[in-house]
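Please read the structure below before turning to the comments.
None of the figures in this text is laboratory data; all of them are computed from the coordinates on show. Computed from a prediction, not measured in an experiment: that's the story for all the values here. No Cβ is skipped: glycine too gets one built from the backbone with ideal geometry, and neighbour counts run over all protein chains shown.
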Amino acid sequence: MTVTLEALARAATVIPVLTVSDVEKAAPLARALKSGGLSVVEMTLRTPVALDVLSAMKAAEPDMIIGMGTIRTPEQVADSMAAGADFLVSPGLSPQLIPALLASGLPVLPGVATAGEAMAAVEAGFEILKFFPAEQAGGRPYLKSIAGPLPDIRFCPTGSITREMAPDYLALPNVVCVGGSWIATGAMIEAGDWDTITANAAAAAAMKT
């Protein structure tokens, strides 16, 4: 599946941020999220099986748009592409990582935490930025304050955003989507609590920008 950045932005409202340590959970997790109405998810590269989980989720729900997050090196870019990632997410940017992300040809949400980092990311060629860690970096007040001087820069804030906070973030004019780990927490995934995950996904899917 070839996904453009604009198609990704249109399809995403709340993006589940997933950390999965058991490949056997991949297929039922994908089905639970899809049943709830979510089509865009981010797998984090924080477990040894993350790449395998991404591939298994894609196999279970081929129409889902699944990205790989926590990308920090060019090697991780290549590995994620090989696993079938539809987009890439990084916690920040570095001189070595920038060209690898741009050369991937995939939509990329690079992490930034300040106005200066956002300006530098846009100058490098990125269009939608991950504001991370959102709550710790200033949250909604900060994003609202930089909408004036940086009106053309769009963000996907991620980091300690709760179900209750998400609609307020989505109401900001410079926010196109948000990331949330509350939809499918590690404990829910480990317990196989697919009904709760489906219900959370439905609540997230009902939120609109």
Once Ala103 and Thr196 are pulled to full extension, the length gained, defined as 0.36 nm per residue separation minus their Cα-Cα distance, is 29.6 nm
The chain: calculated mean residue ellipticity at 222 nm from DSSP helix runs of at least 4, using -39500 (n - 2.57):
-11500 deg cm²/dmol
Lys pairs, the chain - Cα-Cα below 24 angstrom, 8 or more residues apart or on other chains:
9
When the dipole is taken about the Cα centre of the chain, and only Lys, Arg (+1) and Asp, Glu (-1) are charged at their Cβ, what size is it in debye, to the nearest 20?
340 debye
How many angstrom lie between the Cα centre of segment 4-39 and the Cα centre of segment 79-108?
18 Å
Counting only backbone N atoms under 19 Å from a point 7 Å out along Cα-to-Cβ of Gln96, the residues of segment 42-62 in range are 45-46
Using 1/(1 + (r/R0)^6) with R0 = 25 angstrom and r between the beta carbons of Arg72 and Met119, what's the FRET efficiency to the nearest 0.05?
0.70
Nearest 20 debye, what's the magnitude of the dipole of segment 14-125 about its Cα centre given +1 on Lys and Arg Cβ and -1 on Asp and Glu Cβ?
160 debye
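Take each of the peptides 53-59, 200-206, average the number of other beta-carbon atoms within 10 Å over its residues, and list them starting from the highest.
53-59, 200-206
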Cβ neighbours within 10 Å, averaged per peptide: list 156-168, 65-77 in order, most packed at the top.
65-77, 156-168
If each Cα of segment 12-61 is one equal point scatterer, what is log10 of I(q)/I(0) from the Debye formula at q = 0.18, 0.24 Å⁻¹?
-0.48, -0.84
Would you work out if the chain is rounded, prolate or oblate? Take a ≥ b ≥ c from the square roots of the eigenvalues of the alpha-carbon gyration tensor; rounded if a/c is under 1.5, else prolate when a/b is larger than b/c, oblate otherwise.
oblate
